[in-house]
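Below: one structure, written as structure tokens.
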Amino acid sequence: MTGTEITIQVLTCSALAGLLGAVGLRLTWREITTALKQCRLAAILVVNFAAIPLLALAIASGFSLRRDLVIALILLAASPFAPVVPVFARMARGDLALAAALTGVLPLAAAFLTPLLVHAALMVISGAGALQFNLLSSLTNLATTITLPLVTGVFARYRAPDFARALLRPVEVTSEALGAVSFVFVTATQFRSIMNLGWRAWLAIILVSEISLLLGWKVGGSDRAARRVVALGTSNRNIALALLMAIQSFHGMEIAAAVVGYGLLLIGLGLLHVTWWRFEDAQRSRA
């Protein structure tokens, strides 16, 4: 692993652990269970961990993408509910309690399911059979980076709520800053590769994102605020998680650059949807 890749991995791990720890500090067990009882959790899990990865495989095959671009697409497709979803949900006037609960539960499940999904996908991606993917190492790394900080945050909120509230903002600010630095660093170091992804790769991720949004909206229930949360979480994948796996398992390849390029576009599409929903609300309030 090169010095650049080690720097990206350290920054990404730190940012992801901090973001998930902050999610835990914000939640109580009662808030999590109440919010989850009010949503179609089983359908949301099936869509995010089965339908979206299969959709990504189908679209990548249809566009005949290069092997590395397919793997990057699968890494994102298998990494649902980015930590930024509660921020988007707040901007879109979504159900904030549900956004926080799902942003905790889905990455928690992803720590175990995402490596398994990627391992299975590599078996069917053309030319990927020769790649070395350490499943056990990935499971251990993600459990340490996602599960432990999240559970620790929830436990701290339960045992010492005043301390958790005091700690929340510093943890959020620090982890968001580390995430931004990591994203800028990898974009700068991989800029040429990002620009050379090609129109088919860009169109593929747009299709995956928009179809994912529709699927999330469909399983989000009847409440508009809840639908917005599930739609945003289903279409905005966890870039930090996908980038961490790309750096850890696929050294010296264009997969990390593709993950970042795809991720930039996903963030832009998410902001467009938030803007549209805000416009819809404004129009409805005038009517």
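No lab work stands behind these numbers, since they all come straight from the coordinates. Predicted model only: the values in this text are computed from it and were never measured. Positions of Cβ are backbone-derived with ideal geometry, glycine not excepted, and every protein chain shown enters the neighbour counts.
Here the chain is treated with +1 on each Lys and Arg Cβ and -1 on each Asp and Glu Cβ, and its dipole about the Cα centre works out to around 700 debye. Near N238, the amide H atoms lying under 5 Å from its own belong to S79, F81, A82; only residues 5 or more places off or on other chains count, and H is placed 1.01 Å from N. Seen from all directions on average, segment 3-286 presents a Cα convex hull projection of 14.5 nm². Here the Karplus curve 6.51 cos²θ - 1.76 cosθ + 1.60, taken at θ = phi - 60°, turns the phi angles of segment 202-210 into couplings of 5, 5, 4, 5, 5, 5, 4, 5, 6 Hz, with x standing for Gly and Pro.
As a length-normalised measure over Cα pairs under 8 Å and 6 or more apart, the relative contact order of the chain settles at 35 percent.
Per-residue packing, averaged as other Cβ atoms within 10 Å, sorts the ranges 61-68, 241-248, 80-87 into the order 241-248, 80-87, 61-68, beginning with the highest.
Dividing the mean sequence gap of close Cα pairs (under 8 Å, 6+ apart) by how many residues segment 180-287 holds gives a relative contact order of 29 percent. Each residue of segment 276-284 was assigned a 3J(HN,Hα) from its phi angle through the Karplus expression (A = 6.51, B = -1.76, C = 1.60, θ = phi - 60°), giving 5, 5, 5, 5, 4, 4, 5, 5, 5 Hz with x at Gly and Pro.
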